[in-house]
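Input: a single structure, listed below in C-alpha cells.
The values are calculated or read from the model by the stated rules, or taken from the named source; none is laboratory data. Given the structure is predicted, the values throughout are model-derived calculations rather than measurements. Counting neighbours? That spans all protein chains shown, and the Cβs are built from the backbone with ideal geometry, glycine included.
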Amino acid sequence: MFKKTLYLLLVLAIAASLFACTTETPVAEKAAQAEPESAEEEAAEEVVAEEVVTVASGDVFTVSLGWQENESGQRFTQGYDAAFKELGWEYLISNANYDPKLQSEQIDAFIKMKPKAMFLTCSDPAGIRQAVNRAIDEGIPVFTADCYIAGTLSVSQIASNNYGMGVYTMSYIMEALGGKGKVGMIGLPNNETWDLRELGARYVLRNYPDIEIVYWPYDATGAVTPRQAIENMLTANADMDAIWCSWDGAAMEGALAAEEAGRPEIIFTGIDGGERAFEQIQMGGPFKLTMAQSIYWMSYMDVMYAKEYFAGNTAPRFVVSPVYAVDKAVLDAVSAGLDANEYDIPGKEVDLGWKPAL
C-alpha cells in the first residue's frame, strides 16, 4: 500500500507539471519533502518511470478516496485492495482528506492519465460533481461507493440508505423514551449524503411534539470538537435523556463524556459500525446502537460490478448496500470462532446470521 501511495504522489507530481493541475499544497512539493527512509523506498522511486508508462497506457485503474484517515476510510481501502488483488488489476489511489476541491483536482489529474476506469468515495457528492462529469465526458467509466452523485452518468453507484439510518436510530430513541423528553442532536451537514441522516431523524421527530431538541452541527474548523459540544450540552441540560449522533465517532466520544459526567443513563446512537464501535457497545454503557454500514462490501462490490461491465454484462446503476442494526444483544450472540468485525465482507453476514435492517 505504501508503494502504491508513493507511486501516486510522484505520478501526480508529473501530471501537475505537464498539465498545470494544482492543489492547495502542490504534490510535487510534498514529494520533494519526503526523503526515502530505506532501500525499499529508494527502489520504489526507481520504478516510477515504468509506473507512469503503465498509467499512460490506460491499463490501470484509479481510486479517488474522499478520505482515508479514520476507520471507515481504511475499511474502504481494504475492500478496494482485496477486489483488485483478486482480479489481478493494477491501481493507483489518492486521498482527498474530506476536501472536495482537492478531490476534484485529483480527479482531474487522474483524467489526464486515461485510466481504464475510475472508482471513488465522495468527500462531498455535490462538490465533486463537475470533476466526475469531466471524467465521464472523457469516456472514463466511473464507479462510486458510499455516495450517489446526482447529475452524473456513473456506471454504478453504491450507498447505504442514509435517510433510513436516520429514521431507524431516532425511532429507536423515541421508543426508549416513550416519545417524551429532551434529545441532543449532533448533525453532519457538511456532506449532502451524510446530511440525509439528519433529515431522516427529523422526519421521525415530526410525530413527537413533546420532544425538545438541542442541536449542534459539526464544526469543520475544529474550533469545537464533537466531544466538547456534547460536554457543553450536558452542562447546560441536566435533563438530557438521549443524544442522536450522525456518526459513530461522536457517539463514542459523547458516551465517554456522559460517563465521566456521571450521566450513564443517557442514550447514544450512532451510524457507521466497525470494530471500535462494536467494542464500546459490547462493554455496555450509554452507546447503545450503531447502524453498521457495509463499508468493505461497498468498495469490494464496486470493483466486482466493474468486472461485469468490462465483461459486457449489465452492471447495476444504483445499489443500496446492506445496513445492520447492531446493539449489545446482537454482539453478545455472535458464536465463538466468528468475528463480528468481518460482517461487511461479502458472505460473512451469512455465517454470522445477521439480517439487514435496511
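Tabulated data for the structure shown
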read-out	value
Selected residue [surrounded by 14 or more Cβ atoms within 10 Å (Cβ to Cβ) and either touching a Lys or Arg at 6+ places or on another chain (Cβ under 7 Å) or not assigned by TED's automatic domain parsing to the domain that holds Val155 (or both)] from Ala357, Ala315	Ala357
Odd one out for Asn237 among (1) surrounded by fewer than 22 Cβ atoms within 10 Å (Cβ to Cβ); (2) on the phi > 0 side of the Ramachandran plot; (3) of a type outside the set (D, E, K, R)	(2)
Within region 167-196, tally of residues that are in contact with a strand residue (DSSP E or B) (Cβ under 7 Å, 6 or more places away or on another chain), of a type in the set (D, E, K, R) and part of a helix (DSSP H, G or I)	0
Every residue from region 163-178 that is among the small types (Gly, Ala, Ser) and surrounded by 20 or more Cβ atoms within 10 Å (Cβ to Cβ)	Gly166
Residues within region 95-136 that are of a type in the set (Gly, Ala, Ser), assigned to a loop (DSSP other than H, G, I, E, B) and touching a strand residue (DSSP E or B) at 6+ places or on another chain (Cβ under 6 Å), tallied	1
Of residues in region 137-166 being in a helix (DSSP H, G or I) and touching a Leu at 6+ places or on another chain (Cβ under 9 Å), the one nearest to Ala311 (Cα to Cα)	Asn162
Any chance Ala83 is in contact (Cβ under 8 Å) with a residue 12 or more places away in the chain and either buried (at least 20 other Cβ atoms within 10 Å of the Cβ) or aromatic (Phe, Trp, Tyr) (or both)	yes
Number of positions in region 184-203 that are touching a helix residue (DSSP H, G or I) at 6+ places or on another chain (Cβ under 8 Å) and among the polar types (S, T, N, Q)	2
Subset of region 204-215 [in a helix (DSSP H, G or I) and touching a helix residue (DSSP H, G or I) at 6+ places or on another chain (Cβ under 6 Å)]	Val204
Residues located in region 104-158, provided they are at positive phi and surrounded by fewer than 22 Cβ atoms within 10 Å (Cβ to Cβ)	Lys114, Gly139, Gly151
Selected residue [assigned by TED's automatic domain parsing to the domain that holds Gly139 and either among the small types (Gly, Ala, Ser) or free of Cβ contacts under 8 Å to residues at least 60 places away in the same chain (or both)] from Ala340, Ala329, Ala306	Ala306
Entirely in region 24-94, the helices (runs of 4 or more DSSP H) that have 2 or more residues that are modelled with pLDDT of 50 or more	71-87
Conditions (1) within 18 Å of Thr290 (Cα to Cα); (2) surrounded by fewer than 23 Cβ atoms within 10 Å (Cβ to Cβ): number failed by Glu192	(1)
